[in-house]
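The values are calculated or read from the model by the stated rules, or taken from the named source; none is laboratory data. Being a predicted model, the structure only gives us computed values, none of them experimental. Heads up, the Cβs are rebuilt from the backbone with ideal geometry, glycines too, and the neighbour counts pull from every protein chain shown.
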Amino acid sequence: MNTKKLTEFDPLIQESITKELQRQEEGLEMIPSENFVSLPVLEALGSILTNKYSEGYPGKRYYGGCEFIDEIEQLAIDRAKEIFSAEHVNVQPLSGAPANIAVYFALLEPGETILGMDLSHGGHLTHGHPVTHMTKVFNFVRYKTDAEGKIDLDNLREMALEHKPKLILVGYSAYSREIEYEKIKEIADEVGAMTMADIAHIAGLIAAGEMNNPVPLFDVVTTTTHKTLRGPRGGIIMCKEKFAKKIDKSVFPGFQGGPHENNIAATAVAFKEALEPEFKTYAKQIKANAKVLERKFNGYGYKLCFNGTDNHLLLMDVTPKGLTGQQAEDALTKSGITVNKNMIPDDPRKPMDPSGIRLGTPALTTRGFKEEEMEIVADMIEKVLTNHEDDKILEEVRKEVKDLTSRFPLYPELA
Ligand code: DSN
């Protein structure tokens, strides 16, 4: 057994980890799908649980020696049930995309139709974007938002009546408004479709009671565990008891092999955190912080897609300010502010150089930012975007970012 410390044995990898830690500490992380996990989560993730194979489910494994693994996986399941009021939970999907694919294969036959949201209107690649393999297996049709930025329920109903989908899919990765699950369910019932929500982005807000919860209403709900939910990278599927067997069989052995139990343990730890009162404060603050950005960017004359935000993110068209999403992302990166370029609804530009950027508040909220700091952050972003070709100003903002973040250390224990 190699008993050396990482620093000693593999300094190259250690150096890169140290540089990445420094980047996270000294920058403003505003990609809405990113967050910072706690030390107990990191501890479970880096534990010896990574050594164990455990195909199957608690109490029904194909390998011996799973008695403690069973305890861990069952705790993760029970905590998820409590948080979301779920009837059945599978905590084994390796992330959000595998979770969604496992659901499609559990509920549908090849060739059947799924009605999901168009990517440029806030949907996700796995909801039927033509570049994904799943579009070769299932027939995806895609609805959009209306001119006011709401999900166009009339259009969704018309499409459902026309295409007779087996599954109607909601839940988005760049959509910033609340979702009316009851109305979607009514449409699904009218056409005899099953309902699925992918709550990856907003699961933490739902867990805290800060957004509508589709779990008691919908047939199946998937989520990643590492976004607003603030766990390690992973995915879970929640469903009605009547779909439990199909979902479990689809995840394993249908799609995956051995689950990553170190990940599942870390997820259980994050779920314990989500059940603490502090988590509600965090979720409320995420939304309050996003509202500050909404007000500030409206004031600066940016065009906010969907007319603003009810959750943790904003999608912003930057072209009226004379730059593209890529230019905005590049200039902000130079100043230590990490966002991602993003398509806006019916974007006339290309995915690799779209018209917008997507900004979120979860990671900054985790590090302790409140309204006062978000005002400063919005001003910094405005300064960068209006001076995106001026390297001197970008460097100036980088220093301001470093000063601000130094007041909110993330992982002093790891320094
Ligand atoms: N990559 C995730 C996001 O940023 O929204 C979704 O898969």
| remark: Checking Lys399, Lys341, Lys370, Lys392 in turn, the sole residue that is more than 30 Å from Lys144 (Cα to Cα), touching a helix residue (DSSP H, G or I) at 6+ places or on another chain (Cβ under 8 Å) and not aliphatic (A, V, I, L, M) turns out to be Lys370
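Rundown of residues vs (1) buried (at least 20 other Cβ atoms within 10 Å of the Cβ); (2) in contact with a Lys or Arg (Cβ under 9 Å, 6 or more places away or on another chain); (3) among the β-branched types (Val, Ile, Thr), yes/no style:
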position: Lys280; (1), (2), (3): no, no, no
position: Ala283; (1), (2), (3): yes, no, no
position: Ile286; (1), (2), (3): yes, no, yes
position: Arg295; (1), (2), (3): no, no, no
position: Asn298; (1), (2), (3): no, no, no
position: Gly301; (1), (2), (3): no, yes, no
position: Leu314; (1), (2), (3): yes, yes, no
position: Gly322; (1), (2), (3): no, no, no
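Residues are listed down the side, and each one gets a yes or a no for (1) over 19 Å from Leu229 (Cβ atoms); (2) within 16 Å of the ligand (Cβ to nearest atom):
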{"residue": "Pro32", "(1), (2)": "no, yes"}
{"residue": "Tyr53", "(1), (2)": "yes, no"}
{"residue": "Gly56", "(1), (2)": "yes, no"}
{"residue": "Glu71", "(1), (2)": "yes, no"}
{"residue": "Ala80", "(1), (2)": "no, no"}
{"residue": "Ser95", "(1), (2)": "no, yes"}
| note | Sole miss for Thr333 among (1) within 19 Å of the chain's Cα centre (by Cα); (2) β-branched (Val, Ile, Thr); (3) within 20 Å of Gly356 (Cα to Cα) is condition (1)
| query | Residues in the range 38-46: is at least one crowded, with 19+ Cβ neighbours inside 10 Å, within 16 Å of the ligand (Cβ to nearest atom) and modelled with pLDDT of 95 or more? | reply | no
| When you scan the range 342-361, how many residues do you find that are small (Gly, Ala, Ser) and in a loop (DSSP other than H, G, I, E, B)? | 1
| request: Output the residues belonging to the range 121-131 that are touching a strand residue (DSSP E or B) at 6+ places or on another chain (Cβ under 9 Å) and either within 16 Å of the ligand (Cβ to nearest atom) or within 18 Å of Ile199 (Cβ to Cβ) (or both). | output: His121, Gly122, Gly123, His124, Thr126, His127, Gly128, His129
| said: Here is a list: Lys296, Lys287. Which entry is farther than 25 Å from Gly96 by Cα, in a helix (DSSP H, G or I) and in contact (Cβ under 8 Å) with a residue 24 or more places away in the chain? | reply: Lys296
| said: For the range 111-120: of the residues being farther than 21 Å from Pro98 by Cβ and in contact with a Lys or Arg (Cβ under 7 Å, 6 or more places away or on another chain), which is nearest to the ligand (Cβ to nearest atom)? | reply: Asp118
| remark: With the first residue restricted to the range 316-329 and required to be β-branched (Val, Ile, Thr), and the second required to be modelled with pLDDT under 95, Cβ contacts under 8 Å at 6 or more apart or on different chains are Val318/Tyr302; Thr324/Asp353
| request: For Lys150, indicate whether it is farther than 21 Å from Leu314 by Cα and surrounded by fewer than 17 Cβ atoms within 10 Å (Cβ to Cβ). | output: no
| remark: Residue hits (the range 206-242; in contact with a Cys (Cβ under 9 Å, 6 or more places away or on another chain) and over 22 Å from Gly116 (Cβ atoms)) are none
| remark: Subset of the range 58-112, residues within 17 Å of Asp248 (Cα to Cα), under 24 Å from the mean Cα position of the chain (by Cα) and of a type in the set (Ser, Thr, Tyr), comes to Ser95, Tyr104
| request: Among residues belonging to the range 191-231 that are in contact with a Lys or Arg (Cβ under 9 Å, 6 or more places away or on another chain) and acidic (Asp, Glu), point out the one that is farthest from the ligand (Cβ to nearest atom). | output: Asp219
| request: Tell me, please, whether a residue that is out of contact with any strand residue (DSSP E or B) (no Cβ under 9 Å at 6 or more places or on another chain), closer than 24 Å to Ile237 by Cβ and not in a loop (DSSP other than H, G, I, E, B) can be found in the range 62-71. | output: yes
| Test: Gln24 is in a loop (DSSP other than H, G, I, E, B) and either more than 16 Å from the ligand (Cβ to nearest atom) or in contact with a helix residue (DSSP H, G or I) (Cβ under 9 Å, 6 or more places away or on another chain) (or both) | no
| request: Examine the range 268-281 for a residue that is in contact with a His (Cβ under 9 Å, 6 or more places away or on another chain) and more than 16 Å from the ligand (Cβ to nearest atom), and state whether such a residue exists. | output: yes
| said: Looking at the range 377-395 only, could you name the residues that are surrounded by fewer than 16 Cβ atoms within 10 Å (Cβ to Cβ), of a type outside the set (Lys, Arg) and in a helix (DSSP H, G or I)? | reply: Asp379, Thr386, Asp391, Glu395
